[in-house]
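Taken together, the values in this text are just the output of simple stated rules run on the coordinates, not laboratory data. Computed from a predicted model, the values in this text were never measured in an experiment. Cβ: placed from backbone, ideal geometry, glycine included. Neighbour counts: every protein chain shown.
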Amino acid sequence: MPINLDLTQNDNVPSKSDIILQPFASSPLEVLEDTDTDDSSPAIDDEIQLKYKIWKKNTPLLYDYIQTSTLLWPSMSVEWFPDVESHGNVNIQRLLLGSYSNGYNSFENLQLCTIKVPKSVEGLTLKDCEFDSDKHEFTTSNYPIANNDGNCKGALHMVQQIPHQGDINKARLMPQNPDLLATISNNGSVNVFDRTKKPNGCDSRELSKSRKVFDDEEEESTCLSDIKLQFHTGDGWGLDWNKFKEGELVTGASDGSIALWDIRDGFKKPQRSSNAVTATSHRKFKTCILSPISTLFCHDYGVNTVQYVWFHDSLIGTAGEDHKFKMFDTRSLDGNPVIQITLQHPINTLDFNKQDQYGLVLGDDKGNLLIEDIRYPERPQIVISNAHSDSITAVAWNHEYGNILGSSSTDGLVKLWKFGSGESSTIEHKLIFTHGGHMLGVSDIAWNPNDPKMLASCSDDNSVHVWKPSQAVF
């Protein structure tokens with residue numbers, strides 16, 4: 001029997017008004033390059049390099065657009081900002097990234113970067129796609145811009161770095177106010193930053209030399225953020241904002257628990273100050289410490305991901321190492337899931353469909369994808385066995401094409417899948433594109449909210465790719 005769920009759209013959904021990009025005048029744009037000669041550059045074996053050369057040779061035929069960039073340290077997370085700044089024939093868009101040095105650095109960085117994206121690829125030819133052998137990056141060369149404002153050549157440009165203590169496992173912006181950025185890190189700490197109150201850069205050496213970073217000497221977590229959310233005790237990977245309720249977010253960690261937060265309380269309580277300063281501002285950071293409004297232990301062996309249902313303001317999905325997907329109603333977080341699905345392997349990631357209110361995809365650590373209808377949790381609609389040759393790291397439904405799914409894996413590939421319609425036994429699905437430009441595992445993927453055929457992907461090889469498959473794919 002189908003489960004009756006009220007997943008109707010909330011009428012009070014706040015609109016996402018475009019925000020005009022304001023580059024920081026005090027800090028010139030800086031091209032992100034791999035200038036480090038230490039251990040941050042991962043070793044790439046000969047077989048992987050050969051596959052990369054083959055991919056590079058065929059790139060102009062596979063893509064309508066591609067830009068590749070190399071970071072100093074890998075990013076485990078990537079997300080597009082909703083705003084667009086128009087300049088002639090190109091759009092300037094922003095990406096949110098976060099450094100992950102695995103403890104090598106005393107402080108990590110939350111990074112805001114810009115990229116120039118052509119409004120149309122009709123004027124581009126194969127000659128416009130160039131590969132810089134020194135930087136190992138693809139760029140579109142000399143794409144014209146009206147009024148001679150410049151060209152599209154170049155990769156990501158950093159406009160702001162925000163100091164962060166602890167590796168950044170995931171970073172997400174608040175839908176109602178993209179200036180508020182939340183992170184969850186390897187020690188389970190959850191931090192919220194107001195980027196408008198932070199300097200454009202930081203000097204980690206000066207931060208490290210601060211005589212006393214914290215007010216409380218026993219405090220182990222960072223006081224560099226505007227709001228710190230204290231609860232989790234294990235490695236944190238689950239983080240999602242409520243798209244309907246401003247200021248509400250849910251988190252999950254390897255301690256097996258999830259926590260529900262309301263950061264609006266953080267702007268009402270007096271803030272505590274720390275002695276951490278930056279070379280650019282010489283001002284103290286102020287942090288408000290918050291406790292969760294509710295918590296729940298829901299997965300043995302750890303929570304790998306959490307997400308709000310796209311069409312509901314109180315339903316969340318969780319997945320964990322215990323092979324289970326669970327759906328909870330945050331209005332009564334009592335431990336009894338509304339829905340529970342048990343798989344054969346640990347579940348790494350999930351995503352709710354943006355067009356179908358009952359659609360759900362799960363990705364496990366054996367490379368399998370499972371398409372579910374949450375009304376019929378007793379059986380998956382589609383199982384794609386060995387969709388990847390290694391563990392699934394991220395899945396993302398396209399926000400405009402509801403039958404298009406992106407998946408990434410530690411096998412270094414991003415794959416795009418297309419699904420048909422009909423009964424579960426007759427639904428057609430096929431692999432329509434494989435992005436093979438990363439030389440190590442892919443950590444995260446994100447569809448461009450302003451171009452539904454474009455994606456960003458980040459990898460353990462320190463690279464960030466922004467790419468658009470050939471028009472024939474869609």
(request) Return the subset of Lys228/Lys468; Lys354/Lys430; Lys51/Lys430 for which the Cα-Cα distance in this structure is over 29 Å, preserving the input order. (result) Lys228/Lys468
(request) Take the Cα of Gln340, step 7 Å along the line toward its Cβ, and report every residue of segment 225-262 whose backbone nitrogen sits under 20 Å from that point. (result) 252-259
(message) Using a 10 Å cut-off around each Cβ, can you sort Asp46, Asp64 from fewest to most neighbouring Cβ atoms?
(response) Asp46, Asp64
(request) Tell me the label-point distance for the pair Ile92, Gln230, using the 7 Å Cα-to-Cβ offset, in nm and rounded to one decimal. (result) 4.1
(message) How much length would be gained if the chain were fully extended between Asp329 and Ser294, taking 0.36 nm per residue of separation minus their Cα-Cα distance, in nm to one decimal?
(response) 11.4 nm
(request) Pop a pseudo-label 7 angstrom from the Cα along the beta-carbon direction at both Trp55 and Asn177 and give the gap in nm to one decimal. (result) 3.9
